[in-house]
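The values are calculated or read from the model by the stated rules, or taken from the named source; none is laboratory data. As the structure is a prediction and not an experimental result, all values here were calculated from the model. Because the Cβ atoms are built from the backbone with ideal geometry, glycine has one as well, and the counts that use them run over all protein chains shown.
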Amino acid sequence: MIKIVGNIAHVQSSRKKTIHYHVCYSGILHRWICDCPHFIFRLLDKGGECKHIREVKQYQKEESKNVIYTNANKKCISGD
Ligand SMILES: [Zn+2]
């Protein structure tokens with residue numbers, strides 16, 4: 001399940017329903033980022049997309065929207 005809040009997509013974890021990961025397109029890094037452990041510890045440095053990012057991209061395609069694109073000056077992982 002995906003919920004859009006501002007420029008960030010909240011993606012429900014498939015393992016734990018109470019956990020949400022945050023996905024958005026970073027204008028600074030010019031790539032999609034997620035704050036799940038898999039992405040932070042493995043994909044952030046070497047590149048790649050976690051399943052949450054793929055989910056959000058698919059969602060955007062289906063909805064024909066570009067809702068999560070952040071402007072270049074903003075970091076998009078919450079808490080930054
Ligand atoms: Zn993720």
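Quick notes on this structure:
- The condition of being within 15 Å of the ligand (Cβ to nearest atom), at pLDDT below 90 and not hydrophobic (A, V, I, L, M, F, W, C) holds for only one of K51, K17, K57, that being K57.
- Pair list, Cβ < 7 Å and 6+ apart or interchain, from region 37-48 residues that are within 11 Å of the ligand (Cβ to nearest atom) to residues that are part of a helix (DSSP H, G or I) and of a type in the set (S, T, N, Q): none
- Any hit, region 9-20, residues being in contact with a Lys or Arg (Cβ under 7 Å, 6 or more places away or on another chain) and surrounded by 12 or more Cβ atoms within 10 Å (Cβ to Cβ): yes
- The selection criterion, being more than 21 Å from Q60 (Cβ to Cβ) and either surrounded by fewer than 16 Cβ atoms within 10 Å (Cβ to Cβ) or modelled with pLDDT of 90 or more (or both), does not hold for K3.
- Extreme residue, nearest to the ligand (Cβ to nearest atom), among residues of region 20-36 that are over 17 Å from Y59 (Cα atoms) and either at pLDDT 95 or above or under 10 Å from the mean Cα position of the chain (by Cα) (or both): C36
- On the stretch given as region 21-36, residues that are surrounded by fewer than 16 Cβ atoms within 10 Å (Cβ to Cβ), touching a residue at least 24 places away in the same chain (Cβ under 8 Å) and in a strand (DSSP E or B) total 0.
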